[in-house]
Amino acid sequence: MDYDALANEAREVLSSPVPPHWVIYWDIWTGAIGPPDVSAISGFNVFALSFLLTEGAFDQAEEWTTLTDAQRTTIKSQYAAAGIKLIVSVFGATDAPTSTGADPVETANTFAAW
């Protein structure tokens with residue numbers, strides 16, 4: 001891989017967090033909007049919102065879309081300061097894109113844009 005040829009965003013994705021990756025996702029309704037406070041997931045360095053499906057965002061991913069830009073920026077800053085990468089989990093147990101014939105390129109582009 002020609003690391004130097006990658007865009008800054010791609011380099012960031014590949015370089016952080018450094019292994020080992022301690023990943024957790026949270027699919028429990030707590031009544032709170034958005035991901036848990038970083039203090040609630042101490043010891044993990046990757047947190048995945050659940051779930052982005054071919055039909056759109058659901059569960060915590062859908063909650064994320066209801067936050068203002070300022071709220072999302074604050075949460076992302078808190079996670080970054082704690083060394084936790086914030087990502088979204090795709091498909092889940094209820095989405096079967098290959099069985100339903102979802103176009104792989106279109107799906108990938110839609111998810112990347114999200």
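What follows is calculated from the coordinates using simple rules that are stated; it is not laboratory data. Keep in mind it's a predicted model, so treat the numbers as computed, not measured. Here Cβ is always computed from backbone atoms with ideal geometry, including for glycine, and neighbour counts include all displayed protein chains.
So the values come out like this:
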{"item": "Binned Cα-Cα distance frequencies in region 60-113 - 5 Å width, integer %", "result": "4, 15, 19, 22, 16, 12, 9, 3, 0"}
{"item": "Using a Förster distance of 41 Å, the FRET efficiency for ALA82-ASP103 (Cβ separation, nearest 0.05)", "result": "0.65"}
{"item": "Computed lengthening from THR65 to ASP27, 0.36 nm per intervening residue step minus Cα-Cα distance", "result": "12.1 nm"}
{"item": "FRET efficiency, 1/(1 + (r/R0)^6) with R0 41 Å, evaluated for ARG72 and THR94 via beta carbons", "result": "0.95"}
{"item": "Debye, to nearest 20: dipole size of region 42-114, +1 on Lys, Arg Cβ, -1 on Asp, Glu Cβ", "result": "400 debye"}
{"item": "Amide H partners (placed H, <5 Å) of LEU86, local residues excluded", "result": "PHE47"}
